[in-house]
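Bear in mind that the values in this text are calculations on the coordinates, not laboratory data. Being a predicted model, the structure only gives us computed values, none of them experimental. Methodologically, a virtual Cβ is constructed for each residue, glycine included, from the backbone with ideal geometry; neighbour enumeration extends over all protein chains shown.
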Amino acid sequence: MKHINSYLRWTFSVMAVVVLLITPVGAAYAADGPTLTVAVAALNLRQGPGTGYTIVDVLRSGETGIATGRDAAGAWLQAQMSGGRTGWVYGEFVTLSGEAGALPVIQAVPTTAAAAPASRAAPAPAGNTIVFQTSSGGVIYAMNADGSGLRRLTTGMDPALSPDGRLVAFTRWSGSSTGALGDLWVIGVDGGGERKVLGDVQQPKSPVWAADGKTIIFNIQRGIAMGRATCFPKEFPLPPEADEIEVRGDLVCFRVADPLWRLRAVDVATGAYRDVPGDVKSKAPTLDPVNGWRVVYVGERGLVNLDVTRGNTWFLTDDAQDHTPTFSPDGRKIAVSYRQTDHWEVHTMNADGTGRVRLTATPTAVLIEQQLKGQSPRSWNNAAPAWSPDGKRIAFLSDRNGAWEIWVMNADGSNQRLLLPASALGGNQIRYDGMEERVISWR
């Protein structure tokens with residue numbers, strides 16, 4: 001028995017030494033602590049309290065762990081997750097069962113990785129970077145213009161590269177329901193230096209940079225309009241968005257909420273903002289790179305011009321199927337996602353709205369082949385165009401291979417070729433909903 005007790009004491013001592021050796025410097029694990037729950041779709045788990053530290057894992061919505069400490073500012077929390085995963089998370093994107101202020105302050109070891117983390121690919125030269133989102137609120141990636149160097153940046157929606165290609169603007173919402181609050185963010189194209197520019201905004205979307213790189217214009221929700229009453233026989237199912245439901249004899253009548261959108265401009269450095277004049281439905285703005293006073297956005301019945309200095313507007317097109325406009329780098333052309341009856345196509349036009357050209361189409365031979373196989377003919381979807389920095393090419397989304405992928409073509413629609421196959425994302429698929437998503441940006 002004496003030998004057994006000595007052996008057990010020796011074993012426990014060795015185990016304690018091993019635990020000390022494998023515990024990261026700065027960690028202070030507690031036997032218990034407040035429960036930490038991931039409150040966003042995806043959240044980076046980092047080696048230290050800051051975006052300069054290496055990403056060690058990606059946590060998913062609803063994952064839980066134990067909060068074991070915080071940084072001095074209280075913005076970052078040290079987390080002990082299942083499976084022995086330990087690191088730091090940004091406190092705004094989790095919920096705690098207790099008070100963060102009661103956690104011990106942990107002094108993390110400084111790291112030179114803050115400047116250039118080894119886990120990130122070096123940013124491509126200016127003019128050679130593409131950023132894109134997998135979905136609204138999903139993962140935002142960056143890659144080189146030839147499809148190489150794929151790297152994960154963050155999560156959010158509508159990424160937009162700054163004119164010098166060094167920063168990416170994007171928005172992130174706290175929820176998906178009508179009226180949800182969100183924030184405008186920027187992050188370095190290398191994945192570092194993520195910071196909030198403007199917070200607590202009603203459903204911010206579609207940020208675009210002014211040519212000087214100092215101002216971002218985006219759209220925000222500013223109220224709800226209820227549409228005209230629609231009535232159906234009682235036996236008809238109501239649409240999920242139905243509101244103000246009323247029974248009138250054998251009919252059920254309802255209205256549908258229609259969000260109103262306005263434009264806002266914000267100073268990237270200071271966060272100071274001002275509301276920009278426009279219509280009550282001003283969505284998906286794009287800025288003229290040559291004429292700084294001119295904004296084009298999606299209105300209620302087509303594309304609308306806005307003179308931001310005078311505050312006056314006038315129609316550019318009268319086609320309500322024009323969506324997500326984007327100026328060419330020289331300001332001479334505009335590309336749009338066009339709703340072509342039951343699918344999407346990419347169109348371009350002159351900056352004054354003339355000279356419309358359809359760049360994408362499903363070959364007739366493909367539709368005939370589908371019929372011969374007994375299938376209902378289905379046209380490919382092609383959408384979300386983004387100009388190359390020299391204006392000679394356009395990147396876009398296409399589902400012609402069965403899943404959304406990134407393609408590229410010459411600016412006249414010729415030489416369409418696959419740039420990033422669906423398989424490159426390791427099961428994380430791209431999604432396009434036709435809700436004015438600005439999926440791709442190229443600088």
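Values computed for the structure shown
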item: Debye equation applied to the C-alpha atoms of segment 279-393, log10 I(q)/I(0) at 0.09, 0.14, 0.16 Å⁻¹; result: -0.29, -0.61, -0.74
item: Net length gained if the chain between Asp342 and Ala242 were fully extended (0.36 nm per residue, minus Cα distance); result: 33.7 nm
item: Net charge contributed by nearby residues that have their C-beta within less than 11 Å of Arg339 (K/R +1, D/E -1); result: -4
item: Cα gyration tensor shape of segment 343-443, rounded if a/c is under 1.5, else prolate or oblate by comparing a/b with b/c; result: oblate
item: Members of Lys283/Lys392; Lys214/Lys392; Lys333/Lys392 lying beyond 21 Å, as alpha-carbon distances in this model show; result: Lys283/Lys392; Lys214/Lys392
item: Stokes-Einstein diffusion coefficient of segment 248-296, Kirkwood radius over Cα pairs, 4 °C, 1.567 mPa s, in µm²/s; result: 92 µm²/s
